[in-house]
2 protein chains.
Amino acid sequence: MKKIAIIGKGNVGIHLERALKGVNIEPTLIDSRSLDGLSGDFDLILICVSDTAISQIAHRIAEKIGQVSSVVAHTSGSVSIEAIKNHFKKCGVVYPLQTFSKTMEIKDYSEIPFFIEGNTEQTEKILKLIASLISDNVFVLDSKNRKKLHLASVFACNFVNALYCIGEDLLKECNIPFEILRPIIMTTAEKVISSTPKNCQTGPAKRRDEEILTQHLKMLADKKELREIYRLLSEYIIAKTKNE
Amino acid sequence: MKKIAIIGKGNVGIHLERALKGVNIEPTLIDSRSLDGLSGDFDLILICVSDTAISQIAHRIAEKIGQVSSVVAHTSGSVSIEAIKNHFKKCGVVYPLQTFSKTMEIKDYSEIPFFIEGNTEQTEKILKLIASLISDNVFVLDSKNRKKLHLASVFACNFVNALYCIGEDLLKECNIPFEILRPIIMTTAEKVISSTPKNCQTGPAKRRDEEILTQHLKMLADKKELREIYRLLSEYIIAKTKNE
């Protein structure tokens, strides 16, 4: 069995631990501040710290364990392999495309797409093999395209959640609880599982309903930022669905 | 059993027909152009046409059937009860908060929140009763607040889908199929079913990761509108999650 160390006990670290345990691998969870328990004995060292800390932690790992045979990989979408490349002979990236929260259970880790990059073909092979133990969807992707993928996921995940927040804010004004939106939120997500987003588009912008668009912009008159978000997203929808 | 007519064979009409059939009511689906088959014999006439057509169709219904005992209700979130009030003695609104597509099956209509408004208490009671046959979540809401609710749902549904589209657009550039985003899309929706949107927020803006935010804005340098959407939604998240 592979000896795996996970550095960082944040959302990603905790979930990769659970995912590995699910396939009968018992990883060692290591505190990123102390690095207590870290040695060159691990086959794989997974860096699960915030993007800004990756380069520095790589430096500290290298100082602590030296040039060893371990493969060291970070798990970030937006950080290049270059951030750790100078410190290790074998290094790479294992990027799981999912939004992790400690309290949110993930039922099936095998569905999560994993994106792999290695500094050599051999390293890539090792990382691919380990990711394949967890996931049925493992792909090789270089740093440049991984950054684009991460940007796409910021729109489809982080910004989507921000829109849920905005929905909640607007409902507060008429004393309606956020729960009311849950069925429509689930259906909106479920729809694009079986169709394309373009085919699923509905609403006043899609219908070019100028009266409603104007009415909504008026209702947001005292909320400059939301008004601007409304305008830009409506214009995007109109451009996207033209010639239909 | 209630005799119900549904005017309009669009997404809402088709789904209300299915929902009523599900509770053993066989409504009559009526073409909105011809109004063939419409008479004063119906207990309830549901107007399921586009927002801009509601006022005109109400006029045509009144011309065709006169002042009868039927309750006439439209089904729009953003159109006031005023649009049909002058034409009928008993009228109101039955607004199902859901995104309907003809091809998308709705498993459980009883989960859909219905918002009711009536021109009199008696009409409101009738409409509430009929909506309660379909749904376990029926609320009375006036036109002004219904408009706010609809606006909230444009953000949480129509604009969310637009963000899925943007995700797809960005992935096309690195030849990654949209399917890759589906697990993260489902988890993002599922998360807010058991928590609040604010608690679910993740991503670079939430983490105040200035490096990634700058990198993403640079990547969108040649996409002015997306860059602006990125900036505004990130600023919203930063403001929303401050003092944490």
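Values as computed for the structure displayed
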| read-out | value |
| --- | --- |
| Scan of the range B:127-137 for residues that are open to solvent by 30 Å² or more (accessible area, probe 1.4 Å) and within 16 Å of the chain's Cα centre (by Cα), ordered by number | B:N137 |
| Criterion violated by A:I176 - all others in (1) surrounded by 20 or more Cβ atoms within 10 Å (Cβ to Cβ); (2) closer than 24 Å to B:S50 by Cα; (3) among the β-branched types (V, I, T) satisfied | (2) |
| Count of the range A:205-219 residues which are buried (at least 20 other Cβ atoms within 10 Å of the Cβ) and either more than 7 Å from every other protein chain (Cβ to nearest Cβ) or at pLDDT 95 or above (or both) | 4 |
| Selected residue (criterion: farthest from A:R146 (Cα to Cα)) from residues of the range A:58-83 that are more than 14 Å from every other protein chain (Cβ to nearest Cβ), buried (at least 23 other Cβ atoms within 10 Å of the Cβ) and hydrophobic (A, V, I, L, M, F, W, C) | A:I61 |
| The one condition in (1) in contact with a Phe, Trp or Tyr (Cβ under 7 Å, 6 or more places away or on another chain); (2) modelled with pLDDT of 95 or more that A:S70 fails to fulfil | (2) |
| Yes/no for B:R182 being facing chain A (nearest Cβ under 8 Å), within 29 Å of A:S110 (Cα to Cα), touching a helix residue (DSSP H, G or I) at 6+ places or on another chain (Cβ under 6 Å) and of a type in the set (D, E, K, R) | yes |
| Identity of the residue in the range B:89-102, more than 14 Å from chain A (Cβ to nearest Cβ) and surrounded by fewer than 23 Cβ atoms within 10 Å (Cβ to Cβ), that ends up nearest to B:C157 (Cα to Cα) | B:K90 |
| Residue list for the range A:35-52, filter: open to solvent by less than 30 Å² (accessible area, probe 1.4 Å) and closer than 19 Å to A:E117 by Cβ | A:L44, A:I45, A:L46, A:I47, A:C48, A:V49, A:D51 |
| Condition met for A:T120 (among the hydroxyl-bearing types (S, T, Y) and over 16 Å from A:A189 (Cβ atoms)) | yes |
| Test: residue in the range B:108-116 that is in contact with a Pro (Cβ under 8 Å, 6 or more places away or on another chain), within 8 Å of another protein chain (Cβ to nearest Cβ) and not aliphatic (A, V, I, L, M) | yes |
| Filter pass, B:V12 being touching a helix residue (DSSP H, G or I) at 6+ places or on another chain (Cβ under 6 Å) and farther than 19 Å from B:K90 by Cβ | no |
| Flag if A:E124 is facing another protein chain (nearest Cβ under 10 Å) and either surrounded by fewer than 17 Cβ atoms within 10 Å (Cβ to Cβ) or farther than 30 Å from B:R146 by Cα (or both) | no |
| Count of the range A:146-175 residues which are at pLDDT below 95 and facing another protein chain (nearest Cβ under 7 Å) | 2 |
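Residue-by-condition table, conditions (1) more than 7 Å from every other protein chain (Cβ to nearest Cβ); (2) closer than 25 Å to A:L181 by Cβ; (3) out of contact with any Cys (no Cβ under 7 Å at 6 or more places or on another chain); (4) open to solvent by 30 Å² or more (accessible area, probe 1.4 Å):
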{"position": "B:T187", "(1), (2), (3), (4)": "no, yes, yes, no"}
{"position": "B:I193", "(1), (2), (3), (4)": "no, yes, yes, yes"}
{"position": "B:P197", "(1), (2), (3), (4)": "no, yes, no, no"}
{"position": "B:D222", "(1), (2), (3), (4)": "yes, no, yes, yes"}
{"position": "B:E225", "(1), (2), (3), (4)": "no, no, yes, yes"}
{"position": "B:Y230", "(1), (2), (3), (4)": "yes, yes, yes, no"}
{"position": "B:Y236", "(1), (2), (3), (4)": "no, yes, yes, yes"}
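The values are calculated or read from the model by the stated rules, or taken from the named source; none is laboratory data. Remember, predicted model here, so these are calculated numbers, not experimental data. Cβ sites come from the backbone with ideal geometry, for glycine too, and all protein chains shown count toward neighbours. For the accessible areas, the whole protein counts, side chains as well, though only heavy atoms, and no ligand, DNA or RNA atoms are used. Shrake-Rupley method; radii C 1.70, N 1.55, O 1.52, S 1.80 Å.
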